[in-house]
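The values are calculated or read from the model by the stated rules, or taken from the named source; none is laboratory data. Values in this document were obtained by computation on a predicted structure and should not be read as measured data. For neighbour counting, all protein chains shown are included, and Cβ atoms are generated from backbone atoms with ideal geometry for every residue, glycine included.
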Amino acid sequence: MPSETDGGAPDGGAPDGAALDEFRLAARRWLAANLERRDAAGQAGVVRGGGTHSAEEYLPERALQKKIYEAGYAGINWPKEYGGQGLSDAHARAFAQEAAPYRMPDLGHAGGTTYGPVSQTLLRHGSPEFLARHVPRILAGDELFVQLFSEPDAGSDMAGITTRAVRAEGGWLLTGSKVWTSGAAYADFGLCLARTNWDAPKHRGLTWFAVPMHAKGMSIQPIREITGEAEFCQEFLDEVWVSDDEVIGEVDQGWTVAQTMLLVERGAGRDDPVNMPETDPAVIDPFLVELARSVGRAEDPVARQALARIHTADWARGQLGRRITGLLRTSDRPASGIASYWKLAAGVYNPQRARLIMEIGQGQPLVWRDAAGQRAALEYLNSRVWSIAGGSNEMQRNAISERVLGLPREPSFDRGRPFGEVLRSARQWSENN
Ligand SMILES: Cc1cc2nc3c(=O)[nH]c(=O)nc-3n(C[C@H](O)[C@H](O)[C@H](O)COP(=O)(O)OP(=O)(O)OC[C@H]3O[C@@H](n4cnc5c(N)ncnc54)[C@H](O)[C@@H]3O)c2cc1C
């Protein structure tokens, strides 16, 4: 178990080599004694369409997360005062490498959100009291967070949300509706954007709240997707009371917090490129080979060409990721514009990849007859996710053109005007037309 003598470098500096080796060996021993190895098929990771989503389904995964936390291997490079280990990024990387052959907790989309964009945003903007209350529970698997920002009338235009928060005794009452919330059916909290000031321009009257998903007044409706599963939900908030302690960042300054969240969501905050594993251009994704074999086309030149096209594009995308991660650290251009290149690449490339996979399978994967066929079908059905979730392709192109290339901003009829007034005149306009 890690201790004060592990040679950590909480300041982000390089740890002592011998201490890092010692940490690695201790982790190796603990993993071998306590975790199961992955089966031959590996852990598929989070695939939309891969299962049902009930709170019970995730109980064993939460227990596994707790075991790892109690052993001191969760939040390795997170601040010690909030339940992390306060060790260096190199320690976190060493543990991840050692843990790769083992079955780690699969907490679904809520887990991906909690340990990714939500935690990075909270650690940047949460008050010390908020972090001391929530982060140890997050690391222990006791609190899973989802993102409550999209609304039926506000997606790309996230600052146009109309869920309202009004002051009440000791806190706030939230009323409105959120939608497309991945993982809401089994989450504990939602990081919720609400409007707290209608007299300010739309980007300046917003505030973030940590809303308990099981609070009185909150109702959660699953939405059935094309894959057959109901991973998304729509939530209806009817005067949900949230304590003042659960405000994240400054009241009315939620847009600053939103910027961090969107940046992480678009791929910022990844590992340093020099430490990212270099993909081997000679190694093809084994799933593609298995798929070609399963439909008897491993030697077919047309299928092999499609396979080669996927492989080269996969490799190029990996290289682009490294390049963008590096640029995010060194460039003086706005990070939000640079991160958009990576997000746009995924949004454009994933549908092409899925179509090529279908070409290899000649439609057979659609019958879901074996593991490779199922994965091919799910990749196809999910292939548009990256072109919409977290900001559509068009919004990434807007960000690149305005923030990186310096092209003129989109015309806007609401800039600088009180948001309440904008809504009133929009309503009048539609009544008169
Ligand atoms: C798989 C998935 C998971 C998601 N998970 C979550 C979640 O957990 N929490 C959450 O809050 N939300 C979530 N979302 C919602 C997602 O963030 C929104 O769908 C996204 O921001 C787009 O908003 P919209 O669907 O309202 O589309 P709209 O904003 O209505 O856009 C419709 C179309 O108009 C285009 N468009 C809109 N504005 C412009 C413009 N200014 N310039 C050019 N084109 C424009 C868009 O590109 C799009 O093609 C998820 C979505 C998906 C697909």
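So which residues in the stretch 61-93 are more than 15 Å from GLY141 (Cβ to Cβ) and outside any helix (DSSP H, G or I)? ILE76, ASN77, PRO79, GLN85, GLY86, LEU87, SER88, listed by residue number.
For the stretch 203-221, taking the residues that are touching a residue at least 60 places away in the same chain (Cβ under 8 Å) and in a strand (DSSP E or B), the one that is nearest to GLY254 (Cα to Cα) is identified as TRP208. For the residues SER387, SER401, the requirement of being within 16 Å of the ligand (Cβ to nearest atom), in a helix (DSSP H, G or I), small (Gly, Ala, Ser) and touching a helix residue (DSSP H, G or I) at 6+ places or on another chain (Cβ under 6 Å) singles out SER387.
The residue that is surrounded by the fewest Cβ atoms within 10 Å (Cβ to Cβ), among those in the stretch 257-267 that are in a helix (DSSP H, G or I) and of a type outside the set (D, E, K, R), is GLN259. Restricting attention to the stretch 227-256, the residues that are assigned to a helix (DSSP H, G or I) and more than 14 Å from the ligand (Cβ to nearest atom) add up to 5. In this structure, is LYS202 surrounded by 21 or more Cβ atoms within 10 Å (Cβ to Cβ) and touching a helix residue (DSSP H, G or I) at 6+ places or on another chain (Cβ under 8 Å)? Taking the combined requirement at face value, the residue satisfies it. Applying the criterion of being touching a helix residue (DSSP H, G or I) at 6+ places or on another chain (Cβ under 7 Å) and more than 16 Å from the ligand (Cβ to nearest atom) to the residues of the stretch 144-178, the residue that is farthest from GLN65 (Cα to Cα) is GLY170.
Can you tell me which residue is farthest from PHE145 (Cα to Cα) among those in the stretch 61-87 that are polar (S, T, N, Q) and surrounded by 20 or more Cβ atoms within 10 Å (Cβ to Cβ)? Result: GLN85.
Residues in the stretch 179-196 that are over 14 Å from the mean Cα position of the chain (by Cα), within 9 Å of the ligand (Cβ to nearest atom) and in contact (Cβ under 8 Å) with a residue 60 or more places away in the chain: LEU193 only.
Within the stretch 24-60, being at pLDDT 95 or above, surrounded by 15 or more Cβ atoms within 10 Å (Cβ to Cβ) and within 21 Å of ALA140 (Cα to Cα) holds for ALA26, ALA27, ARG28, TRP30, LEU31, LEU35.
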